Every structure is written in C-alpha cells, then in structure tokens.
1. I'm trying to understand the selection: among the residues of segment 157-171, which are part of a loop (DSSP other than H, G, I, E, B) and not aromatic (F, W, Y)?
2. Please pick out the residue among A196, A223 that is modelled with pLDDT of 85 or more, open to solvent by 40 Å² or more (accessible area, probe 1.4 Å) and outside the structural domain of V62 (by the TED database).
3. Tell me which residues, restricted to segment 346-389, are under 18 Å from R303 (Cα atoms), open to solvent by less than 80 Å² (accessible area, probe 1.4 Å) and either of a type in the set (K, R) or outside any helix (DSSP H, G or I) (or both).
4. Determine which member of the set R319, R289, R333 is open to solvent by 50 Å² or more (accessible area, probe 1.4 Å), in the same structural domain as P237 (by the TED database) and in a loop (DSSP other than H, G, I, E, B).
5. Is it the case that some residue within segment 105-117 is of a type in the set (V, I, T) and under 22 Å from G168 (Cα atoms)?
6. Residues of segment 310-340 being under 19 Å from K376 (Cα atoms) and hydroxyl-bearing (S, T, Y), which ones?
Amino acid sequence: MSQTDVVLVLVLLSSFLQLISGSRTILREINNDNKVEVDYAVELNATSFDAVLGDTPATYAVVEFFANWCPACRNYKPHYEKVARLFNGPHAVHPGILLMTRVDCASKINNKLCDKFSVGHYPMLFWGPPSKFVAASLEPKQEKSDITLIDDCRTAEHLLNWINKKLGSSYGLDDEKFENEQLTSNLSDAGQIAQAVYDVEEATTTAFDIILEHKMIKSGTRASLIKFLQLLVVHHPSRRCRKGSAEVLVNFDGFYPSTMQSISKLDVVMGNDEGALRNLQICGKEVPRGYWMFCRGSKNDTRGFSCGLWVLLHSLSVRIDDGESQFAFEAIRDFIHNFFICEECRQHFYEMCSSVTSPFKKSRDFALWLWRAHNKVNERLMKDEASLGTGDPKFPKIIWPSKQLCSSCSLSHGQKDNGSGLVDWDENEVLKFLTKYYGETLVSLHKEKGSRLGNDVTDGAVEELVASTNAIVVPMGAALAIAFASCAFGALACYWRSQQKSRKYYHQLHSLKNI
C-alpha cells in the first residue's frame, strides 16, 4: 500500500469517527445478537446545548452529565435509555412532555458547560424547564433554582418514579404507544391550543412533503401554490414558517420556472425529482418532529395532520386584513383543491367553496365562513364515524365551539330531525372567540419563548417577499399594505437572482472556451 493510500485511509477513518462521535441522531450500539439498539436520549455538546433546549416543545427536560470512560455511566446508560424511549423521538410513547438529553463531560468541548453546572460526580442528572437550562449555571449549594438535581436515579424504575412524582403521572416502563395514555379532551380547556403552534408547523411541513413526494407541482398547480405561499409568508402563526415560506417563495422560479410546461422537462434541468426545494426546510431544521401535541388523538389513526391543517387555516383566517379576505379565500380554496390528497374531503371542501356567490370584502366574513364550513365537515363526519365506528372516542366530532369553550357563543341549543345540533349562534361572540383562540392564545408560546422560535427582525423582510414573484398579483388591499417594503427587498431579490444567473452563464462560457 502506497503512502498516499495510507493517508487516504486515515482521513476516511478520522471522518467516520468524527461522524459517529458528533451526531446526536445516529449513535448506535451493536449487542451480542447483532441487533441495532437506538439511542433515544439526545446527545448534546456545548455548541448544541442552548439551541436544542431552547427550541424543544417539551415542557420539561432531563440533562445527564456523564463521562464516556466511566464504568458506572456505561452501566447506567441502558436504564436511562429505557426511560428516554418513552419520551423522545418520533415513536415516543408520551411525546412532547419531557426531553431527555446527555452531555459527555469527558469531551473537552464540554468542559466549561459541565463546570457551569458544578458537575461533581458521574452520572449526574438535572431536571427543569428546558428554557431554564439555556445560558444557565448552577452553584453547588444553590438552594433556590428552577433546575433540580435528581437524587434518586439508580435504576430506570427509580428514575421514572421520580419523574412521575414531579409530573403527577403514572407512566410505566412497559407503556406502549397510545396505551395507558392520560389524554384529556381539549373541548373544555382553551389554553391547550397554545401547544398547537407546534402542530401547525408539523402540518405545514407535512403538507409540503406530500406535495414534493407526489410530484404535485405542475404547470396547472404552480400558481395556486405560489398564492398559498404568499399567504403563509405574511400570516403563518409561526415565525420560522414565515421565514421558510419566504425562502421557498423567493427561490421558487429557480426550482419551478414558469416557462417549463411539464415536470418531466423540469426534472431533466434539476437533475432529480424534488430538486433543492426540500432542502429549504419550510419550518426549520427541527421540523417535522414526528409527533403531534394538541392534535394528537387517542388512537394512532385519528386526528394528527387533518387537525393541524384545520388549525393552520383558522389561524390564517383571523390574521388577514379586510382587503386580503378574498385573496385568502381563493388561496386556501385552490390549495386544498390541488394539493389535499384525500379525494372525498377535497371535493367536499371545494363544493362548499363553490357555493360562495360573492367575493369576501371583510376578514370577519371569511373567518366566520371558514368556521361554518368546518362545522359542516364535522356534521358530515359525525354521521360517518357513528355508523362505521371510526371516530376517536376521546375526541368525537362536535358542532363547535362547545359551551365549555365559549359559553357566550351560543344563545340556545336544539336538535335537528337527524339528531345533530341546532345552535342559535351569536356570531359576534364567535368571532371574538375565533380571534382570541386562533390568534392570541395560539401564539402565546412564541411570546413566552421570545426569539427562540424565530427572530422578529426577520418578519419585516419576510413580508416583503410576498410581492417578489410575478407569478401571482397580490390584491390591491394586501399590496398597498406591503408595497413600500416590498420594493427594496424585491429589487434585491431580483438583483441576486440575476447575479446568480450571470455567474452560471459566465462559468458555462468560460468552460466552453477551455474546451
């Protein structure tokens, strides 16, 4: 073997070792039976510590400080993993409650981090709200702190018992997904919608993954997708989804040029089926998470994506201005018609849209129309689920909102001939409820977590992107509100694109000259 070959082997080996030691998602162990064991605990280091804990939707976190050379730590790891598998990852039994993490204090990069938490022995476990770990420190004899030392973690049973006491729960090591679940109905607790901001992100990402996977962007659907993106850029309740939608929108012509008449031709240009669009990560690199929170059903095949999508649509309807109401209606109508792959649901929604005979002039009218449309869907599904037994027993379809959620929304309740609800609604009160429920309450987690879910500074630039593509003309009412800001950013975006194309053509010409 030559000296060059030896160097190459060493470089590849070094890269492989760095990949294994640096990743928190691909760590694996092979046991004696050659079975792959997944590490459920998220391995953090000084670089990722604040970012991961600051971004998690989990209510609490456990951080284990250990050393990879420590025999006791190696022996304790299987116990820690037994508990972590209940709470971590896309197949978690009880997702969204607790994030379990590990920090290797034997790694030099973590020396200062371990010192900040006064780690004096291994393993050492701490408990607290994730936000309290961010930029935090802990003194050895500090009495008052939101971060607590877990003093009974010798085995998986002891650790889970300690957690159960803190949470007031009764989780077991043998729990399987959706079994022994302490789910409570969200019909009476208006505050639960705050968690739905994560489900809206999940639904947005899932929707675009479906579009890309099924190659649904074609010459006939391209315009409707751009229109929906324009709506998301300004009014999506999640800052990072607004930012991601803007990135997709400003690059859209590059991925799907309006001059291309077929996807097959486009694939040749792009060199693959999906291009780089998937890499833009419309709601950030942490999404999708693989689980639902507010929209989680009591069974595997209930709620989830459809619930998250409805929450997104309602949240958009209460954020638009009067001049944008018809634009929002058309954007949502066309998006569902072109990209929602449940055929019966898609057709039913489009029929309801087709019954609208005059343009919406007020945002109030559109928000109430969407609310009535949702109740029509619920009424239809109530009958189907009752006859087929396919509904979620803990989350049955209802005429909504319930008295528990909004006591002032309904003046009286009665029964139609078919047994479904007949409600005399006070639509002014309904509108107040919708605006607060899908507006203020839904984004309350953003306000609590501040910049960890995004940066307010980017919002102005995000809104400016709405008019940066010429594929769709924004309605006058919406355009006037953002036109001034759009000009500068739109010009910059166009200049950037022209520069990119110029560079591409220059390199091509340069290459031809060298042939």
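1. G168, S169, S170
2. On inspection, the qualifying residue turns out to be A223.
3. Listed by number, the residues that qualify are R346, R380, G389.
4. Just a single option satisfies the conditions, and that option is R319.
5. Within segment 105-117 (the criterion being of a type in the set (V, I, T) and under 22 Å from G168 (Cα atoms)), the answer is no, since none of the residues qualifies.
6. S315, S317
Condition check ((1) in a loop (DSSP other than H, G, I, E, B); (2) under 21 Å from T47 (Cα atoms)) across all residues:
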| position | (1), (2) |
| --- | --- |
| C73 | no, no |
| K77 | no, no |
| Y80 | no, no |
| L86 | no, no |
| H91 | yes, no |
| G96 | yes, no |
| L99 | no, yes |
| I109 | no, yes |
| K112 | no, yes |
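Residue-by-condition table, conditions (1) open to solvent by 80 Å² or more (accessible area, probe 1.4 Å); (2) modelled with pLDDT under 80:
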{"position": "L8", "(1), (2)": "yes, yes"}
{"position": "F16", "(1), (2)": "yes, yes"}
{"position": "R24", "(1), (2)": "no, yes"}
{"position": "L27", "(1), (2)": "no, yes"}
{"position": "N45", "(1), (2)": "no, no"}
{"position": "F49", "(1), (2)": "no, no"}
{"position": "W69", "(1), (2)": "yes, no"}
{"position": "E81", "(1), (2)": "no, no"}
{"position": "V93", "(1), (2)": "no, no"}
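The values are calculated or read from the model by the stated rules, or taken from the named source; none is laboratory data. The shown structure was predicted, so the numbers you read here are calculated from the model rather than taken from an experiment. Glycine also receives a Cβ, built like all others from the backbone with ideal geometry; neighbour counts cover every protein chain displayed. To get the accessible areas, we keep the full protein, side chains included, count just its heavy atoms, and leave off ligands, DNA and RNA. Shrake-Rupley method; radii C 1.70, N 1.55, O 1.52, S 1.80 Å.
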